[in-house]
Amino acid sequence: MPPSALFERDEQLRTLRSHLTQAASGRGGMVFVGGEAGIGKSALVRRFCADAAGSAVVLVGGCDAMQTPRPLGPLLDMAPGLGPPFTALFADDRARERVFARLLEALRARATVAVFEDVHWADDATLDLLRFLGRRIGDTHALVIATYRRDEVGPRHHPLKAVLGDLGSAQAVTRMAVPPLSRDAVARLAAGVDADPDELHRLTDGNPFFVTEVVAAGGDRLPASVSDAVGARVGRLGATARDALEAASVIGLSAEADVLTALGHATDAIEACLASGLLHEHDGRLAFRHQLARDAIHATLSFPRRRALNAAVLAVLERAPDAAGDRATLAHHAAEAGDAAAVVLHAPVAAREAATLGAHREARAQYARVLPYLDRLPDDEHTEVLAAYARECSIVDRQTEARDALRKVIDRWRAAGMHERWANAHTDLSSVLFHLGDNAAAEAASAVAIEALEGLPHGASLVRAYQFRSALRMLDRDNDGAVHWGTRTIDLATAAGDHRSLAGGHITVASALMLAGRTGYDLHFERAVELAKEHGLDELHANAHLNRGSGAGELHRFDEAERHLRLAIAIAEHHDLDAQAAYATAWLALTRLYRCAWDEAAAMTGRILGAASSSAITRIMALVALGRLRARRGDPETWPPLDEALELALRTGTLQRLAPVRAARAEAAWFEDDLDRVRDEASASFDLALTARHPWFVGELAYWRSLADDLDDLPAFAAEPFALQVGGRHGEAAAAWEALGCPFETARALAESADERDVREAVDAFSRLGARVATERARARLRELGATGIPRGPRERTKRHPAGLTPREAQVLARLVDGLSNAEIAERHRVSTRTVEHQVSAILAKLAVDSRAAAIAEAHRRDLVEPT
C-alpha cells in the first residue's frame with residue numbers, strides 16, 4: 001500500500017471541506033488538528049490541501065523542532081505565497097503588528113487555506129499570531145489549520161495550552177482529533193505483508209506511520225518501536241547513503257538538495273535515500289517522511305559525529321548569499337557544533353530579532369547561548385548582552401535569573417564608570433525584586449537609582465525611575481507617596497515630551513487619589529485615556545480603565561467597577577492584551593460575586609483558573625472569588641483555592657493582595673465556627689491595613705476580629721457598613737450594604753439583628769441565594785430569639801450535592817458523562833444552548849477543572865454520577 005494512502009479519515013476530510021465552504025462565503029475558521037506523533041495529521045492535511053488547491057490559495061508553514069526555533073518560522077515559509085509586498089514587508093520591517101495586520105488583510109482578500117504544522121514546537125511570536133488570527137478569523141475568507149501533538153501539550157505549563165485556552169470561547173475556532181486506525185484499517189494498510197493483523201495492531205496501537213515503517217522494514221520479526229523499524233530500513237542502505245541521511249537529520253525535517261551536495265554527498269547517495277522512501281521530494285526540498293524518522297536517525301549519532309556534522313552544515317550555510325536572513329538557524333548549528341566564535345556572532349543578533357517579534361522565550365534562549373562565551377566580547381558589549389538577557393528573563397518570568405544577571409550588570413557598569421547605565425540597572429533590579437516579592441530590597445534599589453539619576457542631567461532615565469517608584473508606593477497602598485512620585489513623573493515627562501511615561505504617571509496618581517478617597521482622580525484617569533488614544537498606547541488605555549475598575553471594586557463601588565472593568569476587557573481583547581483582559585476578568589468575577597451573580601462569577605473564575613498563562617496577581621483575585629463563592633454557597637473544597645491564594649499573596653508582601661485573601665479566609669473559617677482561625681486570619685494583615693489607613697481593608701478585618709472577640713477599638717476611618725455592624729447598628733448596616741448593591745452582606749447584617757423580622761428577612765434572602773450555611777445560621781438565630789414557625793430547610797436527601805451542584809447542574813453533569821453535546825443536552829432539557837453553556841461553566845468552576853473531559857474524569861473519581 002503506498003505511504004500516501006488514507007484510511008478512516010473521511011469524516012475529518014468532510015469536516016475540513018465544510019469549514020472551507022463556509023470560509024469561501026466569508027465565514028472563516030480555525031481548526032486545531034490534534035493527535036499523537038505519526039497518527040496522520042500531516043497526511044490528512046496534505047490530502048485536504050491537494051483537494052482544495054483548485055478553489056483556494058494554499059499556504060503551508062512549519063514550526064522547527066529546534067531547541068530555539070525561528071521566530072514566526074511558519075510565516076517565513078508562507079511569505080513567498082503571499083506575494084512580493086508581503087515578502088518585502090517581512091524583510092524590511094519586522095514589526096510584528098504590521099506583519100500580523102498584513103497577513104489578516106491577505107486572508108480577508110481571497111479564499112485561502114493557511115496551514116501551521118507542528119505548533120507544539122511554535123515560538124512565542126507564532127503562538128501570538130495564532131491568538132491574533134483566532135480572534136479575527138471569523139470575518140475572513142480563510143481556513144487556518146494548526147496541527148499539534150496532543151500528547152506533548154498535556155502539561156498545564158505548555159505554551160500551546162494557554163493559546164488553546166485563550167481561544168476556547170472563540171466561535172470560529174474548533175478542535176479536531178485524529179484517532180488511531182482500527183484493526184481492519186491496519187490490516188488493509190499492511191496488505192501483502194506476512195504479519196498477524198491483530199499483533200500488528202496491538203504493537204502499533206493503530207499508528208499509521210508506525211505501521212508503514214514496520215511494513216517497509218520487512219524481516220521475520222516485528223520491530224518493537226518506530227526507531228527499530230527505521231533502523232532496519234537504514235541498515236539496508238550503503239555507507240554513502242547512510243552518511244547523507246545522517247547529514248540530512250542534522251539539518252532538520254527537510255533540506256535543500258544543494259546543501260547536501262555542498263556537504264560532499266554524491267547524487268547517487270541522495271538518490272538511494274529517495275529510493276528507500278526515507279527521504280522524499282517536497283516543494284523542491286528533500287524531506288523526511290515524518291519527524292519521527294528524522295529523530296530516529298539523529299538519535300543514533302555519537303556526540304563527536306553530531307558536532308562535526310553541525311560544523312560542516314554551519315560552514316555551508318554561512319557561505320550562502322542569504323545567510324544573514326536566518327540567524328536563528330545559524331545560531332542553532334553554531335551551538336550544536338560548539339563553535340564559540342560563531343555563537344557570539346549569530347546568537348545575539350538572533351536574540352534581538354526574536355525580541356522584536358515578541359518571541360521572548362526564544363530571545364532569552366539565544367542570549368543564554370552566549371553566556372559561556374561573554375569574555376570573547378568587548379567589555380561594553382559583554383555588559384549589554386548580559387543586560388538584555390536579564391530583560392528577557394524578566395519578561396518570561398524567570399526573575400531569579402534576571403536578578404542574578406542584573407547584579408553582575410551593576411558591578412560591570414560601576415567598574416566602567418557608566419553612572420547612568422548603573423543607575424538604570426538599579427531601576428531594572430527594583431522591578432525584578434518586586435516581582436520576586438522582596439519589596440524592601442526593591443525599595444532600596446529604587447532609592448539608589450533615583451539618588452544617582454537626580455545628580456545627572458534629567459531625562460528619560462529619571463522619568464522611568466520616578467514612575468516605577470510611584471507604582472511601588474501605589475501597589476503598597478502608600479497613597480501619599482504614590483501621589484508625590486507620580487506628580488514628579490508627570491512634571492518631568494511633560495517637559496521631556498514622554499507621552500508613555502506621562503500617561504503612566506496620570507494612571508498612578510489617579511489610582512492613589514481614588515484609593516485615598518480624594519477628589520480629582522477622575523481628571524487624571526481621563527487625561528491618561530486621552531493620551532493613550534492620541535498616541536496609540538493601547539496597553540495604557542486598557543490599564544487606565546483596569547486600574548479605575550479594580551480600585552472602585554476595592555472600595556466597594558461596584559457600579560463604577562463593572563463599567564470600567566468591562567471597558568478594560570473590551571479594549572484588551574481588541575488589542576490582544578491577554579494579561580490585562582485576564583486580570584480585569586478576575587476582578588469582574590469578584591464584583592459579580594458581591595452582586596450575587598454567582599453562576600456568572602463561577603464561570604469567570606473557571607476560565608481564569610483553567611488558563612495556563614494566568615499571572616500570579618490574576619490567580620490571587622480569581623482564587624479569592626472562587627474561595628468566597630464556595631464558602632458562601634456551602635460548597636465543598638473551600639480551602640484549596642484560598643490556600644493557593646495565600647501562598648501567592650505572601651510572596652508579594654503587599655496589602656493589596658494580602659488583605660483580600662486574609663478576609664476571605666476569615667469568612668471561610670467563620671462558616672466553619674472556627675473562631676480561633678477567624679481571629680488569626682483577620683489579625684494577620686490588620687496592622688498593615690492600619691498603617692495604610694485603608695478604610696475597607698481595616699473595616700472588614702476589624703469586623704471579623706470583632707466576631708472572634710478580638711477587637712479592642714475600631715479606627716474611626718473604617719468603612720461605614722462594617723463600622724455599623726461592629727457597633728451593633730445592624731439595620732443601618734443592612735441599609736448601607738443594600739445601597740452598595742450587596743445582597744449577601746445585606747442579609748448578613750440583618751441576620752445579626754435582635755429584631756425577629758430582620759432575621760426572617762435574612763433567612764429568606766440567604767435561601768434565595770442558595771447560601772446553605774448562612775441560611776442555617778440565620779434559622780439558628782431565630783431559635784435563639786425564641787421565634788416559632790421557622791421555615792424548614794431542604795430535605796436531607798436534597799440538601800447538599802457532594803460537589804455543591806444544583807439539581808439541574810447534577811443532571812447536566814450526568815449528560816456530559818453520557819457523551820452528549822451542549823446542543824443535545826439543551827434539546828433533552830428543553831432549554832437554550834446558551835443556558836447549557838452557562839451550566840457547564842458553573843460545573844467546571846465548582847469541580848475546579850478546565851475542560852469537559854476533566855469534569856467527566858472528576859465525576860468518576862468522586863463518584864458524582866452513576867456508572868454507565
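The values are calculated or read from the model by the stated rules, or taken from the named source; none is laboratory data. Since the structure is predicted, the reported quantities are computational estimates derived from the model, not experimental observations. Neighbour counts run over all protein chains shown; Cβ positions are idealised from the backbone, glycine included. Please note that ligands, DNA and RNA were not included when accessible areas were found on the heavy atoms of the full protein model with its side chains. Shrake-Rupley method; radii C 1.70, N 1.55, O 1.52, S 1.80 Å.
Might you check whether a residue that is in a helix (DSSP H, G or I), within 23 Å of Ala101 (Cα to Cα), at pLDDT 90 or above and open to solvent by less than 60 Å² (accessible area, probe 1.4 Å) occurs anywhere in the range 174-195?
Narrowing the range 174-195 to residues in a helix (DSSP H, G or I): 183-189.
Applying the additional criterion that residues be within 23 Å of Ala101 (Cα to Cα) yields none.
No, every residue in the range 174-195 fails to be in a helix (DSSP H, G or I), within 23 Å of Ala101 (Cα to Cα), at pLDDT 90 or above and open to solvent by less than 60 Å² (accessible area, probe 1.4 Å).
Tell me, please, whether a residue that is of a type in the set (Lys, Arg), in a loop (DSSP other than H, G, I, E, B) and either touching a residue at least 24 places away in the same chain (Cβ under 8 Å) or under 18 Å from Ala293 (Cβ atoms) (or both) can be found in the range 25-39. Write out each step before concluding.
Here is the first cut: in the range 25-39, the residues of a type in the set (Lys, Arg) are 27.
After this cut, where a residue has to be in a loop (DSSP other than H, G, I, E, B) as well, the list is 27.
If we keep only those that are either touching a residue at least 24 places away in the same chain (Cβ under 8 Å) or under 18 Å from Ala293 (Cβ atoms) (or both) too, we end up with 27.
There is at least one residue in the range 25-39 that is of a type in the set (Lys, Arg), in a loop (DSSP other than H, G, I, E, B) and either touching a residue at least 24 places away in the same chain (Cβ under 8 Å) or under 18 Å from Ala293 (Cβ atoms) (or both).
Quick check on this structure: which one of Asp397, Asp438, Asp404 is within 29 Å of the chain's Cα centre (by Cα), charged (D, E, K, R), within 25 Å of His360 (Cβ to Cβ) and buried (at least 16 other Cβ atoms within 10 Å of the Cβ)? Step through it out loud before you land on a result.
On the way: Asp397 fails: buried (at least 16 other Cβ atoms within 10 Å of the Cβ); Asp404 fails: buried (at least 16 other Cβ atoms within 10 Å of the Cβ).
Being within 29 Å of the chain's Cα centre (by Cα), charged (D, E, K, R), within 25 Å of His360 (Cβ to Cβ) and buried (at least 16 other Cβ atoms within 10 Å of the Cβ) holds for just one of Asp397, Asp438, Asp404, which is Asp438.
Leu565 passes all but one of (1) over 18 Å from the mean Cα position of the chain (by Cα); (2) within 20 Å of Ala663 (Cα to Cα); (3) open to solvent by less than 10 Å² (accessible area, probe 1.4 Å); which number fails?
(2)
Arg488 - would you say it is open to solvent by 40 Å² or more (accessible area, probe 1.4 Å) and assigned to a helix (DSSP H, G or I)? It would help to see each step written out before you state the result.
Details: open to solvent by 40 Å² or more (accessible area, probe 1.4 Å): yes; assigned to a helix (DSSP H, G or I): yes.
Against the criterion (open to solvent by 40 Å² or more (accessible area, probe 1.4 Å) and assigned to a helix (DSSP H, G or I)), Arg488 qualifies.
Looking at Gly238, Gly277, can you tell me which residue is open to solvent by less than 50 Å² (accessible area, probe 1.4 Å) and farther than 23 Å from Thr147 by Cβ? Steps first, answer last, please.
Values: Gly277 fails: farther than 23 Å from Thr147 by Cβ.
From the options Gly238, Gly277, the qualifying one is Gly238.
Please determine whether any residue of the range 27-36 is under 27 Å from Arg108 (Cα atoms) and open to solvent by 60 Å² or more (accessible area, probe 1.4 Å).
yes
Please work out which residue is nearest to Leu555 (Cα to Cα), limiting yourself to the range 513-527 and to residues that are touching a residue at least 40 places away in the same chain (Cβ under 8 Å) and under 31 Å from the mean Cα position of the chain (by Cα). If you could, list the steps in order and put the result at the bottom.
So in the range 513-527, the residues touching a residue at least 40 places away in the same chain (Cβ under 8 Å) come out as 514-515, 517.
Pick out the ones that are also under 31 Å from the mean Cα position of the chain (by Cα) and you get 514-515.
Values: Met514: 9, Leu515: 7 Å.
In this case the residue turns out to be Leu515.
Identify all residues within the range 654-707 that are farther than 18 Å from Glu745 by Cβ, over 33 Å from the mean Cα position of the chain (by Cα) and either of a type in the set (Asp, Glu) or open to solvent by less than 20 Å² (accessible area, probe 1.4 Å) (or both); write none if there are none.
Glu672, Asp673, Asp674, Asp676, Asp680, Phe686, Asp687
Would you be able to tell me the number of residues in the range 569-618 that are assigned to a helix (DSSP H, G or I), open to solvent by 50 Å² or more (accessible area, probe 1.4 Å) and under 30 Å from Trp737 (Cα atoms)?
So the count comes out to 5.
Considering only residues of the range 363-394 that are touching a Lys or Arg at 6+ places or on another chain (Cβ under 8 Å) and charged (D, E, K, R), which is surrounded by the fewest Cβ atoms within 10 Å (Cβ to Cβ)?
Asp379
Just a yes or no: is a residue in the range 771-789 of a type in the set (Val, Ile, Thr), open to solvent by less than 60 Å² (accessible area, probe 1.4 Å), at pLDDT below 90 and not in a helix (DSSP H, G or I)?
no
Considering each residue of the range 452-468, count those that are free of Cβ contacts under 8 Å to residues at least 24 places away in the same chain and assigned to a helix (DSSP H, G or I), and give that number.
Of the residues in that region, 1 qualify.
For the list (1) within 30 Å of Gly653 (Cβ to Cβ); (2) open to solvent by less than 20 Å² (accessible area, probe 1.4 Å); (3) outside any helix (DSSP H, G or I), I need the number of the one condition that Pro721 fails.
The number of the failed condition is (3).
Checking Leu253 against (1) open to solvent by less than 40 Å² (accessible area, probe 1.4 Å); (2) hydrophobic (A, V, I, L, M, F, W, C); (3) touching a residue at least 60 places away in the same chain (Cβ under 8 Å); (4) in contact with a helix residue (DSSP H, G or I) (Cβ under 6 Å, 6 or more places away or on another chain), which test does it fail?
Evaluating Leu253 over (1) open to solvent by less than 40 Å² (accessible area, probe 1.4 Å); (2) hydrophobic (A, V, I, L, M, F, W, C); (3) touching a residue at least 60 places away in the same chain (Cβ under 8 Å); (4) in contact with a helix residue (DSSP H, G or I) (Cβ under 6 Å, 6 or more places away or on another chain) leaves (1) as the failure.
Are any residues in the range 391-415 modelled with pLDDT of 95 or more and closer than 23 Å to Leu456 by Cβ, and if so, which ones?
Hits for the range 391-415 are Leu406, Arg407, Lys408, Val409, Ile410, Asp411, Arg412, Trp413, Arg414, Ala415.
Where the second residue is open to solvent by 40 Å² or more (accessible area, probe 1.4 Å) and the first is modelled with pLDDT of 75 or more and lies in the range 80-102, which pairs have Cβ atoms under 6 Å and are six or more apart or on separate chains?
As it stands, the answer is Phe86/Arg102, since those pairs meet every condition given.
Residue by residue through the range 333-342, note down the ones that are surrounded by fewer than 24 Cβ atoms within 10 Å (Cβ to Cβ) and either touching a Cys at 6+ places or on another chain (Cβ under 8 Å) or not charged (D, E, K, R) (or both). If you could, list the steps in order and put the result at the bottom.
The first filter runs over the range 333-342 and keeps only residues surrounded by fewer than 24 Cβ atoms within 10 Å (Cβ to Cβ), leaving 336-342.
Passing the criteria: Ala337, Gly338, Ala340, Ala341, Ala342.
Suppose the filter is more than 30 Å from Pro660 (Cα to Cα) and either of a type in the set (A, V, I, L, M, F, W, C) or crowded, with 24+ Cβ neighbours inside 10 Å (or both); does Leu462 pass it? Lay out the reasoning, then the answer.
Numbers: more than 30 Å from Pro660 (Cα to Cα): yes; either of a type in the set (A, V, I, L, M, F, W, C) or crowded, with 24+ Cβ neighbours inside 10 Å (or both): yes.
Taking the combined requirement at face value, the residue satisfies it.
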